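The values are calculated or read from the model by the stated rules, or taken from the named source; none is laboratory data. Everything numeric in this text was worked out from a predicted model, so none of it was measured. FYI the Cβ positions are ideal-geometry reconstructions off the backbone, even for glycines, and counts take in every protein chain you see. Surface accessibility is based on the protein's heavy atoms, side chains included, excluding ligands, DNA and RNA. Shrake-Rupley method; radii C 1.70, N 1.55, O 1.52, S 1.80 Å.
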Amino acid sequence: MERSVAPPDKTLSMRDAVAAFVHDGDTVCLEGFTHLIPTAAGHEIIRQRRRDLTVVRMTADIVVDQMLAGGCVKRLVSSFVGNSSAGSLGELRRRIERADPEPLEFEEYSHHGMVCRYQAGAQRLPFLPLRSYAGSDLPGVNPALRKVTSPYPGPDGEPEQIYVVPPVNPDVTFIHAQRADRLGNTQIWGLTGVQAEAVYAAKRAVVVVEEIVDDEVIRADPNRTVVPAHAVDAVVHCPRGAHPSFAQGYYDRDNAFYRSWSHISKDAERLRAWLDEWVYGTRDHAEYAAKLADHFRDHLAVGEALSGQVDYGRRL
């Protein structure tokens, strides 16, 4: 009689996940759009002093600025670059504008171009075509944007030259999500970005979550499962790990922090003092969040807005 084998428990601490899956020189993807930004993962990469990384993030923002200041990043692949409508990224500007303290290799795409790169990577395609670069200046600064002749006639019936982007296949992708079970079935609601594509494009994937739930919770609401267990290598329980971005249903966006970051990052010494206190000076994200406990309670708490029940039906 064959014995059933229990499925693997994929839970790890953030420290162990970064130690296992991030190595010097790796290509590391950090994805989350507007909310669920994997800030805590970026902080642990800084704590472990990883070097010469290529960071892939569709919207390079505060976490990228912090990783740059931590000396982790050699090359950035991104589209939007900025402090989420609240100002500038001081370290990134110094690196690009003045090569201070050293230059940053920057490979720039449009938002749609990055989405297509993830889709090509997830499907293991050699490239993906898109029309949106016609008339753009981006092909002039990014030689990876190339044209091919379509095997099908264009809208006018004639042969068509169309832009294509290469795939991206990170060594590891980190995403933040609301919840997952111990197997890695991961649920997201609210704004979603390219988390699923970024996970499937990567060689390894780590999901960081606000809470770990029983598999019955996942099964009761299957349509929220954006990333299934078979695509996940590790699950990290890290409450408040998306700060200063928000996690829909858990805490709000820390607008005051976003506004303050432009002033912090504008001064290189002040930025490094911030890293010394909030990243190097904390053992892990739990200690970071504990320093902000009153702020979460008084300013970032959210009210309840339950979603209604859905009847999926069952066999009689």
(message) Given the condition within 19 Å of ILE188 (Cβ to Cβ), of a type in the set (Gly, Ala, Ser) and either touching a Ser or Thr at 6+ places or on another chain (Cβ under 8 Å) or surrounded by fewer than 16 Cβ atoms within 10 Å (Cβ to Cβ) (or both), answer yes or no: does some residue in the stretch 283-306 qualify?
(response) yes
(request) Provide a single number: the residues in the stretch 138-181 that are closer than 14 Å to ALA205 by Cβ, assigned to a strand (DSSP E or B) and among the polar types (S, T, N, Q). (result) 1
(message) Could you tell me how many of the residues in the stretch 234-249 are over 25 Å from ALA69 (Cα atoms), within 18 Å of the chain's Cα centre (by Cα) and open to solvent by 40 Å² or more (accessible area, probe 1.4 Å)?
(response) 2
(message) I'm trying to understand the selection: among the residues of the stretch 252-282, which are within 16 Å of LEU92 (Cβ to Cβ), under 19 Å from the mean Cα position of the chain (by Cα) and acidic (Asp, Glu)?
(response) none
(request) For the stretch 182-195, indicate whether the set of residues that are open to solvent by less than 10 Å² (accessible area, probe 1.4 Å), part of a strand (DSSP E or B), at pLDDT 95 or above and among the polar types (S, T, N, Q) is non-empty. (result) yes
(message) Taking the criterion of being closer than 18 Å to ARG49 by Cα, charged (D, E, K, R), out of contact with any helix residue (DSSP H, G or I) (no Cβ under 6 Å at 6 or more places or on another chain) and modelled with pLDDT of 95 or more, would at least one residue in the stretch 233-240 satisfy it?
(response) no
(request) Can you run down the residue pairs with Cβ atoms below 7 Å, 6 or more apart or on separate chains, where the first is in the stretch 120-141 and over 18 Å from PHE106 (Cα atoms) and the partner is among the β-branched types (Val, Ile, Thr) and in a loop (DSSP other than H, G, I, E, B)? (result) GLY121/VAL168
(request) Go through the stretch 110-160 and give me each residue that's open to solvent by less than 70 Å² (accessible area, probe 1.4 Å), more than 23 Å from ALA198 (Cα to Cα) and of a type in the set (A, V, I, L, M, F, W, C). (result) VAL148
(request) Would you mind telling me which numbered condition in (1) farther than 20 Å from HIS35 by Cβ; (2) surrounded by 14 or more Cβ atoms within 10 Å (Cβ to Cβ); (3) acidic (Asp, Glu) ASP267 fails? (result) (2)
(message) Which residue is nearest to ILE264 (Cα to Cα), if the candidates are limited to the stretch 63-96 and must be among the charged types (D, E, K, R) and either free of Cβ contacts under 8 Å to residues at least 24 places away in the same chain or touching a strand residue (DSSP E or B) at 6+ places or on another chain (Cβ under 7 Å) (or both)?
(response) ARG93
(request) Output yes when any residue across the stretch 87-103 is in contact with a helix residue (DSSP H, G or I) (Cβ under 9 Å, 6 or more places away or on another chain), closer than 22 Å to TYR258 by Cβ, of a type in the set (A, V, I, L, M) and open to solvent by 30 Å² or more (accessible area, probe 1.4 Å), and no when none is. (result) no
(message) I need the full set of residues from the stretch 1-44 which are among the polar types (S, T, N, Q) and part of a helix (DSSP H, G or I), in order please.
(response) THR39
(request) From the list VAL207, VAL217, pick out the single residue that is free of Cβ contacts under 8 Å to residues at least 40 places away in the same chain, under 15 Å from the mean Cα position of the chain (by Cα) and over 30 Å from GLY135 (Cα atoms). (result) VAL207
(request) Could you tell me which of the residues THR27, THR39 is under 16 Å from the mean Cα position of the chain (by Cα) and either surrounded by fewer than 22 Cβ atoms within 10 Å (Cβ to Cβ) or small (Gly, Ala, Ser) (or both)? (result) THR27
(request) Write out, first by first residue and then by second, each pair whose Cβ atoms fall under 9 Å of each other, whose residues are 6+ apart or on separate chains, and whose first residue, in the stretch 289-312, is at pLDDT below 90 while the second is not in a helix (DSSP H, G or I). (result) SER307/TRP189; SER307/ASP221; VAL310/ASP221
